[in-house]
1. Roughly how compact is region 92-186, stated as its Cα Rg over 2.2 N^0.38 Å to two decimals?
2. Which entries in LYS432/LYS499; LYS432/LYS535; LYS65/LYS92; LYS92/LYS257; LYS428/LYS502; LYS428/LYS499 show an alpha-carbon gap greater than 22 Å?
3. Answer rounded, prolate or oblate for region 291-361, using the Cα gyration tensor with square roots of eigenvalues a ≥ b ≥ c: rounded when a/c is under 1.5, else prolate when a/b is larger than b/c, else oblate.
4. Check each of the chymotrypsin sites (Phe, Trp or Tyr not before Pro) in region 16-78 and keep only those in coil by DSSP with at most 13 other C-beta atoms within 10 angstrom; list them in order.
5. Using alpha carbon coordinates only, what is the Rg to Rh ratio of region 236-338, with Rh defined as the Kirkwood radius?
6. Please give every one of the aspartates and glutamates within straight-line cross-link reach of LYS194, meaning a C-alpha to C-alpha distance under 15 Å, and leave out same-chain neighbours fewer than 8 residues apart.
7. Please report MET481, MET378, MET305 as a ranked list, fewest other C-beta atoms within 10 angstrom at the top and most at the bottom.
8. Take the alpha carbon atoms of region 374-452, find their center, do the same for region 19-46, and report the distance between the two centers in whole angstrom.
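Where a number appears in this text, it was derived from the coordinates with a stated rule and is not lab data. No experiment lies behind these values; they were computed from the predicted model shown. Because the Cβ atoms are built from the backbone with ideal geometry, glycine has one as well, and the counts that use them run over all protein chains shown.
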Amino acid sequence: MEREKEDLLRTITAASNSDLVDLVIKNGKIVDVFNHEIIHEDVAVQDGIIVGLGTFKEKKEIDAKGKYVTPAFIDSHVHIESSMVTPSEFAKVVLPHGVTTVVADPHEIANVSGKDGIQFMLDSSEGLPLNVYVMLPSCVPATPFENAGALLGKNELESFYSHPRVLGLGEVMDYPSVLNKEDSMMEKIYDARKKDVPIDGHGAGLNAAALNIYTVAGIKTDHEAVTVEEAKERLKRGMYLIIRQGSVAKDLPNLIKAVTDKNSRRCIFCTDDKHIEDLIQEGSINFNVKLAIENGLEPISAIQMASLNAAECYGLKNTGAIAPGYRADFLLLNDLETVDIDKVYSAGTLVAENGSIVKRWDEGKTNEWKGLIKSVNMKPIIKKDLEIYLNKVEMANVIEIIPNSLITRHIVENVPTKNGLFQPSTSKDLLKLAVIERHNHTGNVGLGIVKGLNLKSGAIATTIAHDSHNVITAGTTDEDMLLAIERINEIGGGLVVVKNRKVISSLSLKISGLLSENGFEVVNDQLKEISDALKDIEASEKFNPFLTLSFLALPVIPEIKLTDKGLFDVKKFKHIDIN
């Protein structure tokens with residue numbers, strides 16, 4: 001408390017212009033997200049805080065040379081685990097893209113490793129120039145219809161609320177538990193309300209009546225709208241509309257049509273789930289901003305959505321603007337329309353320039369993740385475990401993929417069989433799908449049929465299977481699927497590609513079966529090898545097969561998915577038979 005008081009006195013002194021300030025940015029065109037205009041003033045910074053606009057005496061000067069000075073960007077909802085690298089490596093990738101703050105939901109690693117997983121994400125993001133705030137996972141497991149590696153109730157989450165970077169309760173995915181006022185869910189929501197912290201939503205497929213229940217419960221954000229109509233339903237109920245553009249879910253081009261000058265202050269951006277290669281090549285929230293502008297949104301509105309709006313949504317009172325009292329997290333842009341980033345500053349320190357990190361930081365303990373390895377704990381799987389028996393008729397419930405969407409179609413189709421057993425068919429693009437419980441040695445194997453994955457041979461498997469992260473595999477033959485499962489077990493989790501009973505590529509993700517202990521460059525190179533292997537089995541290049549596969553196990557996204565307990569009808573919210 002005494003130190004905070006001293007910091008306040010020091011910044012007031014700096015703002016009074018009675019002494020030299022640390023830093024002054026001159027000759028810049030400031031994007032004023034409050035008045036929605038470009039202004040021409042100097043910006044003074046002291047101890048990483050903006051202390052004034054105007055004329056100041058400085059120790060150091062930054063000549064912006066006519067470049068635009070904008071607030072740095074905020075990713076309002078992201079699962080760092082989807083990048084497959086640790087928070088420190090993640091920071092090295094997103095900082096050059098102008099993102100200095102993220103609101104992370106570690107429910108991926110929490111579903112595998114529980115409280116230890118959350119603590120790892122907090123510890124490993126400490127001291128980074130990337131501000132990593134956390135929303136506590138509300139749904140571990142995501143639903144009661146699958147097996148995860150942990151169970152987190154109110155009591156397990158309680159101790160984390162005292163952490164200075166914990167903001168609130170993460171996405172409430174289990175809508176039926178809210179509707180039915182299920183005790184454990186109500187305890188978590190009530191506790192968050194009592195603490196007056198934000199509660200994130202996950203309203204995939206919810207109609208207007210369901211949204212009423214959601215918002216009355218205190219859930220005030222949602223990133224699952226996919227149409228203009230859904231966006232407006234959320235906005236009219238006072239929710240923040242989080243517009244997502246990730247690796248699979250690419251909702252921005254549709255949803256940006258719902259944004260107007262009258263409602264834009266309730267709209268923000270997120271990536272949600274984005275692979276490391278997409279973050280490197282495409283960018284993070286900077287890409288959302290650029291894409292929004294390309295789709296007709298006025299540039300200052302797009303920047304405001306990516307900064308001030310997101311900060312206000314999550315109560316980050318000193319973040320998101322170029323104004324006195326705000327953190328000196330800012331960008332120098334060569335061009336506003338194309339979001340061409342020249343330099344990135346975090347707390348007044350240059351951290352990235354021309355697309356590369358210029359400031360290194362302490363990597364922390366090299367063995368901080370050691371307790372999270374050996375997370376694959378499944379019973380041996382044999383060929384019989386993968387056999388799909390069809391009862392008399394050959395009509396089956398099938399999961400049909402919609403390319404570049406988390407949503408799937410529930411179709412009923414005539415499928416090939418032999419002696420009553422389903423036979424994968426590459427000509428009909430009907431493949432076998434299996435989810436194997438890998439946390440508690442239960443032996444559970446859920447089986448299904450998937451259409452649209454478009455593998456011409458072989459099999460793929462991964463421990464990234466949202467959100468319980470069991471092993472999920474799809475393939476053209478049982479033998480290749482079994483080998484893929486075996487290899488997953490050997491490497492402690494990750495990604496595997498098999499062809500003709502031979503492993504042709506694999507990527508080890510030893511940390512909870514989700515993250516690599518290697519640097520992002522190494523992981524990116526390994527993913528390129530995976531990509532080459534996918535070409536070898538003639539996988540579709542219209543979408544990422546592994547990303548698509550990973551979401552086929554998520555039983556909170558319509559219309560039909562597969563868990564370790566079997567085929568799941570999301571609309572009816574219950575398991576169903578294959579035929």
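1. Details: Rg = 14.3 Å, N = 95, 2.2 N^0.38 = 12.4 Å.
Taking N as the residue count of region 92-186, the ratio is 1.15.
2. Numbers: LYS432/LYS499 15 Å; LYS432/LYS535 19 Å; LYS65/LYS92 26 Å; LYS92/LYS257 32 Å; LYS428/LYS502 24 Å; LYS428/LYS499 19 Å.
Result: LYS65/LYS92; LYS92/LYS257; LYS428/LYS502 exceed 22 Å.
3. On the way: a/c = 2.23, a/b = 1.10, b/c = 2.03.
The shape class here is oblate.
4. Listed in order of number, the matching sites are PHE34.
5. On the way: Rg = 13.5 Å, Rh = 14.2 Å.
Radius of gyration over Kirkwood radius for region 236-338 works out to 0.95.
6. Here the aspartates and glutamates satisfying the reach criterion relative to LYS194 are GLU158.
7. MET378, MET481, MET305
8. Each part's Cα centre sits 58 Å from the other's.
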